[in-house]
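See below for the structure under consideration.
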Amino acid sequence: MNTQYVGEHLGPGQLGHFFVILFFVAALFSTFSYFRATQSTLQNNLTNPWIRLARTGFVIHAMAIVGIFGTLYYIIANHLFEYNYAWEHSSRALPMKYLLSCFWEGQQGSFMLWAFWHSILGLIVMFTSKQLESRVMTIISMVQVILATMLLGFYFGDHIKIGSTPFLLLRDAMQNAPVFQQANYMSFIKDGNGLNPLLQNYWMVIHPPVLFLGFASTLIPFSYTIAALWKGEYQTWIRDTRIWSLFSGAALGTGIMMGGAWAYESLTFGGYWAWDPVENASLVPWIIGVAAFHTLIIFKATKRALPTTLLLYVLTYFFVWYSTFLTRTGVLGNTSVHAFTGEGKSLYWHLIVVMGIVLLLSFGFLIARWKKLPRIQVEEGTNSREFWMFIGSIVLLLSALQISISTSIPVWSPLAKWISGKEIAPPVDPIHHYNSIQVWVAIIIGLLSAAVLYLKFKTSDTKLFWKRIAVLSSIALVVSITIGVLEKINVIQYAILLFVSVFAILSNLYYAFSIQKKIKKMGAAISHLGLALTLLGVLLSSFKKEVISFNTLGVTMDFGKKTAAENVKESRENVLLFRNTPVVMGDYLVSYEGDSISSSDPRTFFKVHYERRDSATGQLKETFTLYPDAFVNPKGQEGLIANPSSRHYLHKDIFTFVTQVLDPTKKTDTAAYKSYTLKKGDSVFLANGFVVFSDFEDAVYAQENGNISVKAKLNVFDLKGKAGEMKPVYSIENNREQFFKEDTLKSMGLYARFVKILPDQNAVEIQIKQTNPKDDYIVLKALLFPFINVVWLGIIVMVAGFILSMINRITQKDKQPQGIR
């Protein structure tokens, strides 16, 4: 018997299912039509009927994706928890600004976002790719078909599932739960599971869309690459591929930077990059894409490196899908703090099939055309720009492969164990593992980015080249030695990296403003300058990162580390702060002044006050307050998810976060009220200050009923001066009933009651209580990041260089050499 469920809203889900099917069918139709157009002899896109049909299908599929987005947003915004996606990723308490984050927390939403960007970029390509439209759009439409399958949620038999629909009902997702046997189950579903606390950050509203725009944009150069291989035409694809490669580099680079900014502001590993597998997964395609762009420049200028260029573009796009496989199938669940687990396991074979299709398509064309690819047999000279650009591209490829192989250890280690009998574990210290290799990559790439622009394609004036390099390197040596001495950089590889970074900064500045001169042509120099600034910022902020929260109490705390030694080390770097009890941290005197919560925000904010005084005179030089926050016992589970708070300077950041707090459910108040008889001007001394009874205030007397109300004005002083006022209220009603209303000064943990007027003594009775500092505490970690703004500046400058180059390529009329096929 079919149960008639009460209170469900089935219409939005049915509409969403319709849009998903329309998305799939229209994309499939567009793919077929574009493929047929490639076989047509009609050269004019406007008269080719297959092109018209394909465009119609692509536009319809794009509209369907917008429909899916709108429908799912309606479900989430209206808290329709009968849908599994809304229940699993949102809640009623979630602020409106984070509703969009619910889209990309789940698998289906992020695939939807990916498909949305493909559709937008595809529409642009549709009207700009000219004679390559049919071939390029066949690939783009085909990939959209693949992404549509991720949302279908179709079953073939009992074991084969194609995709997962975002419009699945909660009762279908949890069929065996007893509550769903009742027709009125919706009366029991009062709220959703809620958004992951780590994603409740403004960076996570904008970071995923930009990152997925970067991922989506890699499809366009890949599609142009396949279009070139399709008919063996290797000249017409260059201009558009260069433009889209620059766009992809800028978009994906910006997305990665935003991820670093989110990690810096929301995670507590103390930095912006930790070589986490998910971070690595986004970095690898970007690195290979940059390498591909540089070999494409070589091919355009010299007709060399075409096979390498084609291969690099294929690998760039393949690693986008491989990165998706790593982060969504659960294979990294034990090694990454923010990879998908659980539901991602159903995608394992689906993504393997997709990667197989990409490889089969790509290498099928490559192998078929390999022998006929145009090559120049004469070796290039070592004094040419193309030689060193090619070397740099190969170094970037090797760098990406090293990162990918190390990141993929959980994937291939079972095979290694089966072959050798030995299990290979991921590196215990990933930061040291990657840094020890990638620092040398940074040195090589930094040197090449500094020097290669001074070389010319095919042949160069060697004497002039070495003259310029000698002058610039001499200045860089003096500057880097000065910085190294001041910052005490005494590790050989980092000292070399310091010199290379300074050398690259000076070289690219000189090249841009003394040789290039025209701003529109400065793109390469500016992007290389940004890279150099980034390397310098990473070096200074990481090498000189300093913990200032040294534990001087000798207390060892439990941080849940695997070994006692790790707990001891962590304890040394965390300070126990009792409320209103100042502790010295570096140059600062730091106090925990209490916490606060809001009914509209699930976080608890901790008020941490810093002040710095002159060591000789004691004069106050600086004071500020930070508000690190945390989700305490999120979703009813014991634990702490902390978000840092930082004090920003031009030359440094003070990075502060809470590592332990007193469980709110276990807080106690061991203090008791004490009574004091006070006349005007009398004082009560406290542990860290005193209270002065100043006067009466706001006295009110109603003669008809004998009601009296009056406030006692209490001025409160701490060791630094006046800390505030308290105004407890005493009242009499109907000439006999006495009432009082206490007042508080939370910064000092102080409570006061006005309990009696003593007219015969011309005095009052005041009760005062000050909380015991040990009744409330936090454990805090604070780090000093020097010159971290150089990192952000470098990435911004590098992305600006990409954009400037892209604009220059768009506005530049390309001179097309003839006869290259």
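Quick notes
- Peptides 188-199, 80-91, ordered by how many other C-beta atoms sit within 10 Å of their residues on average, highest first, read 80-91, 188-199.
- Three principal axis lengths of the chain [C-alpha, angstrom, descending]: 113, 84, 59
- Crossing angle, helix 430-451 versus the chain [Cα axis fit, 0-90 degrees, rounded to tens]: 60
- Listed residue pairs exceeding 20 Å between alpha carbons, taken from Lys722/Lys781; Lys545/Lys781; Lys300/Lys372: Lys722/Lys781
- Note on Thr38/Val66: beta-carbon distance plugged into 1/(1 + (r/R0)^6) with R0 of 25 Å gives a FRET efficiency of 0.35.
- Peptides 232-241, 423-432 ordered by average Cβ neighbours within 10 Å, highest first: 232-241, 423-432
- Since only Ser591, Ile515, Ile492 are under comparison, the one whose Cα sits farthest along the positive direction of the charge dipole of the range 452-609, derived from C-beta charges on Lys, Arg, Asp and Glu, is Ile515.
- Carbon/sulfur fraction of accessible area - the chain, other protein chains in place, 1.4 Å, %: 61
- Crossing angle, helix 523-543 versus the chain [Cα axis fit, 0-90 degrees, rounded to tens]: 40
- Positive-end ranking of Ser362, Ile483, Leu533 along the dipole of the chain, with charges on Cβ about the Cα centre, is headed by Ser362.
- Principal axes of the range 56-112: Cα extent on each, largest first, Å: 42, 21, 18
- Using a probe of 1.4 angstrom and keeping all protein chains present, the accessible surface of the chain works out to 47 square angstrom per residue.
- Calculated on alpha-carbon atoms, Rg and Dmax of the range 180-330 in Å: 20.3, 73
- When you restrict to C-alpha pairs under 8 Å that are six or more residues apart and normalise by the size of the range 1-143, the relative contact order lands at 31 percent.
- The relative contact order of the chain comes to 11 percent, based on Cα pairs under 8 Å that sit 6 or more residues apart.
- Relative packing of 499-508, 591-600, which averages over residues the other C-beta atoms within 10 Å, highest first: 499-508, 591-600
- Taken over the range 343-394, the alpha-carbon convex hull comes to 104 cubic angstrom per residue.
- Accessible surface comparison of Arg753, Arg613, Arg52, probe 1.4 Å, protein chains only, largest first: the order is Arg52, Arg613, Arg753.
- With R₀ set to 25 Å, the beta-carbon distance separating Lys130 from Leu359 gives a calculated FRET efficiency near 0.30.
- For the range 681-797: rounded, prolate or oblate by the Cα gyration tensor [a/c cutoff 1.5]: prolate
- Loop sites in the range 80-150: trypsin sites (Lys or Arg not before Pro), DSSP, at most 10 other Cβ within 10 Å: Arg92
- The simple spin-label model puts a point 7 Å past each Cα toward its Cβ; for Val378 and Tyr202 those points are separated by 5.9 nm.
- Shape metrics for the range 152-260, restricted to C-alpha atoms - Rg then Dmax, Å: 22.3, 66
- About its Cα centre, the dipole of the range 377-467 is roughly 180 debye, where the only charges are +1 on Lys and Arg Cβ and -1 on Asp and Glu Cβ.
- Mean separation of Cα contacts under 8 Å, 6 or more apart, over the residue count of the range 70-169: relative contact order %: 27
- For the chain, the Cβ-based charge dipole about the Cα centre amounts to some 3760 debye (Lys, Arg positive; Asp, Glu negative; other atoms uncharged).
- Cα gyration tensor, the range 1-86 - rounded (a/c under 1.5), prolate or oblate: prolate
- Charge-dipole axis of the chain as Lys and Arg at +1 and Asp and Glu at -1 on Cβ define it, positive-most pick from Leu506, Ser413, Met142: Leu506
- On Cα atoms only, tilt of 306-328 relative to the major axis of the chain in degrees: 40
- Efficiency of FRET between Thr462 and Ser596 - r from beta-carbon atoms, R0 56 angstrom, step 0.05: 0.25
- Pairs of alpha carbons in the range 536-621 separated by more than 20 Å make up 56% of all such pairs.
- Base-10 log of normalised Debye intensity for the range 381-485 (one unit scatterer per alpha-carbon) at q = 0.17, 0.18, 0.21 Å⁻¹: -0.90, -0.95, -1.11
The values are calculated or read from the model by the stated rules, or taken from the named source; none is laboratory data. Please read all numbers here as calculations on a predicted model, not as lab measurements. So basically every Cβ, Gly included, is an ideal-geometry build from the backbone, and we count neighbours across all protein chains shown. Note: accessible area is taken over every heavy atom of the protein model, side chains too, but ligands, DNA and RNA are not part of it. Shrake-Rupley method; radii C 1.70, N 1.55, O 1.52, S 1.80 Å.
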